[in-house]
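Undergrad: One structure, pasted below without further comment.
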Amino acid sequence: MEKAFKLDFINDKTGSLYVNCCGCSQTEALHSFGPASKPHYLIHYVLSGKGHFRFHDKEYRLEAGYGFLIQPNELAFYQADAKDPWSYLWVGFAGSRAEEYLHSMGLSDRHPIFSCDKSEELYSIVRDMMEHNTFGIADDLRRNGLLGVFLSVIADSAGVVAREEEDKGNQYVKKAVSFIQSNYCNPIKVTDVADYVCINRSYLYTLFQNYLGMSPQQFLTTFRITKARELLESTNYPIESIALSCGYSDALVFTKAFHAMKGMSPSKYRKESHKESTKEQLQEVEGLIARLLKP
């Protein structure tokens, strides 16, 4: 059960920036929300504990000092940690300039995570909003003014953290690709790659889809088959030896994987391989790796 104190406000929805709701919550283990959407922007900030936030097929593990943005009319899911459930505050808002301000802060659907070390100040602002909870013009002006202050406190660091999150994901993919390049000849699995990078398989899958447009398994198979093509053209190794050299302990499994990707058996490819150059064979994987190495 969630222990929450929240307020919802009525607005004319014509201003540049206005508060729709705000609140504070202390959750119990595994308390969750969604997947569901809201008609306005919603910022949550974690005061203590841990949890995770899932949005656009990406999952973020968050703890005290971090927050997340939910876009209007977009499905989102978040859940408290099983052992250390979080407490958080939130502010829902809208307005003709809300999107502009958020983008200027570096927050968007691609970069929904931020950090801020001013938890006491953010809590004080939200508490002030909640104390001025009438529908009179004085309290309305005060809440909307406090919203500007709330966003300004976050603005100092939100953009930097968004870029760091992206850079971190890119580094994970680079490490994973490097591991595959060095170990494709061994019978490694995607779980081995994830363990090496020290992230779970689900997150590794998400990162590969985001940066390379394919799953880790697809990349591993593509890399192995590309190396097999090179060996088929440049050596007279038996098919069984090429399979073993590319991480396949079963030649039949290798043959099926090769046929699925190239539309022919390894033996048939070998007969026709003199029509292609080694550079052309490697272009497919090198192109993927080059995308990771761009500054």
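The values are calculated or read from the model by the stated rules, or taken from the named source; none is laboratory data. What you see is a predicted model; the values in this text were computed from it and never measured. Please note: Cβ atoms are built from the backbone with ideal geometry, for glycine as well, and neighbour counts cover all protein chains shown.
Undergrad: Sort out which residues of the range 37-88 are of a type in the set (Asp, Glu) and modelled with pLDDT of 90 or more, and write them in order of number.
TA: The answer is GLU63, GLU74, ASP81, ASP84.
Undergrad: Another question about this same structure. Looking only at the range 206-243, how many residues end up being surrounded by fewer than 17 Cβ atoms within 10 Å (Cβ to Cβ) and under 30 Å from HIS56 (Cβ atoms)?
TA: 7
Undergrad: Among the residues that make up the range 244-255, is at least one of them crowded, with 17+ Cβ neighbours inside 10 Å and at positive phi?
TA: Checked against the condition, which is being crowded, with 17+ Cβ neighbours inside 10 Å and at positive phi, the range 244-255 yields at least one hit.
Undergrad: Could you tell me whether any residue of the range 166-181 is closer than 25 Å to ALA64 by Cα and at pLDDT 90 or above?
TA: There is no residue in the range 166-181 that is closer than 25 Å to ALA64 by Cα and at pLDDT 90 or above.
Undergrad: Kindly establish whether SER124 is without any contact (Cβ under 8 Å) to a residue 40 or more places away in the chain and within 27 Å of ARG142 (Cα to Cα).
TA: yes
Undergrad: Continuing with the same structure: Take the residues in the range 84-100 that are in a helix (DSSP H, G or I) and without any contact (Cβ under 8 Å) to a residue 60 or more places away in the chain, then tell me which one is surrounded by the most Cβ atoms within 10 Å (Cβ to Cβ).
TA: Only one residue fits best here, namely GLU99.
Undergrad: Then there is this: Going by the structure shown, is GLY34 modelled with pLDDT under 90, of a type outside the set (Phe, Trp, Tyr) and not in a strand (DSSP E or B)?
TA: No: the conditions fail for GLY34.
Undergrad: Further question: Within the range 225-235, identify whether any single residue is at pLDDT below 90, assigned to a loop (DSSP other than H, G, I, E, B) and farther than 30 Å from TYR18 by Cβ, and answer yes or no.
TA: yes
Undergrad: Given the condition over 13 Å from ALA176 (Cα atoms) and among the small types (Gly, Ala, Ser), answer yes or no: does some residue in the range 202-209 qualify?
TA: Within the range 202-209 (the criterion being over 13 Å from ALA176 (Cα atoms) and among the small types (Gly, Ala, Ser)), the answer is yes, since at least one residue qualifies.
Undergrad: Here's another thing I want to ask about it. Looking only at residues in the range 44-81 that are part of a strand (DSSP E or B) and acidic (Asp, Glu), which one is farthest from PHE150 (Cα to Cα)?
TA: Restricting to residues being part of a strand (DSSP E or B) and acidic (Asp, Glu), the top hit is GLU59.
Undergrad: Kindly establish whether HIS103 is modelled with pLDDT under 85, in a helix (DSSP H, G or I) and in the same structural domain as GLY15 (by TED's automatic domain parsing).
TA: For HIS103, the condition - modelled with pLDDT under 85, in a helix (DSSP H, G or I) and in the same structural domain as GLY15 (by TED's automatic domain parsing) - is met.
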